[in-house]
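Derivation of every value follows stated rules applied to the coordinates shown; laboratory data play no part. No experiment lies behind these values; they were computed from the predicted model shown. Methodologically, a virtual Cβ is constructed for each residue, glycine included, from the backbone with ideal geometry; neighbour enumeration extends over all protein chains shown.
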């Protein structure tokens, strides 16, 4: 199961199968020879508040075996304070603990650093955005550690210069297919050992 916002659902992609949760599900199926049913609950524009209200009840009802969560970009652009973000994120992570999964079956993913991208201009200066993204990611990392979850930092991937025309989506803000592949490859370094240990 994938929880999150536009990065999770793959806003800007022409084919939903190109987003990182779909790529991970395909890899899981190939590596385990088990049919994987992906439920991607990500919604463009969602904040932690939206995720708590809309996505968490579905997640708790379905009781997934693996969860990825990437949420925070819209909290940044909507001006959420760090303390409020931490409180809401802890609520989300506490709910995931209630699923009674092994903690290593939950993978928290950093918010990509979109600060320098052309599509980020309406949301503030690159310097201010990067400072806030970094601060929110430190919160996500510390809360993931406190809950025993894996934490995958994809900041370096998101800051890479364009690697061909498919690196960014056409909106100049979201990852393109090539960047989603790079993200999925990085996340697999965490999930692969979990699957092999089953």
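Need one number: nm distance between label points at residue 195 and residue 126, each 7 Å from Cα along Cα→Cβ, rounded to one decimal.
Label at residue 195, label at residue 126, 3.7 nm between them.
Can you give me the Cα centroid spacing of segment 4-28 and segment 43-112 in angstrom?
Measuring centre to centre over Cα atoms gives 17 Å.
Based on DSSP, what percent of beta bridges with both residues in segment 2-196 are antiparallel, to the nearest 5?
Close to 10 percent.
Between residue 165 and residue 31, 0.36 nm times their residue separation minus their Cα-Cα distance comes to what?
45.3 nm
How high is the relative contact order of the chain, in percent, counting Cα pairs under 8 Å that sit 6 or more residues apart? Before the final figure, lay out each step's value.
Working: 316 pairs, mean separation 49.8, N = 198.
Across the chain, relative contact order equals 25 percent.
Take each of the peptides 58-64, 7-13, average the number of other beta-carbon atoms within 10 Å over its residues, and list them starting from the highest.
Descending mean neighbour count gives 7-13, 58-64.
Could you give the radius of gyration (one decimal) and Dmax (whole number) of the Cα atoms in segment 1-45, in Å?
10.7, 35
Ratio of segment 70-120's C-alpha Rg to 2.2 N^0.38 Å, to two decimals?
1.37
Among 28-37, 106-115, how do they line up by average Cβ neighbours within 10 Å per residue, starting with the highest?
Ranking the peptides 28-37, 106-115 by packing returns 106-115, 28-37.
On the principal axes of its Cα set, how long, how wide and how thick is segment 114-198? Give whole Å, largest value first.
Rounded to whole Å, the extents work out to 44, 29, 15 Å.
Would you mind computing Rg(Cα) / (2.2 N^0.38 Å) for the chain, counting N as its residues?
0.96
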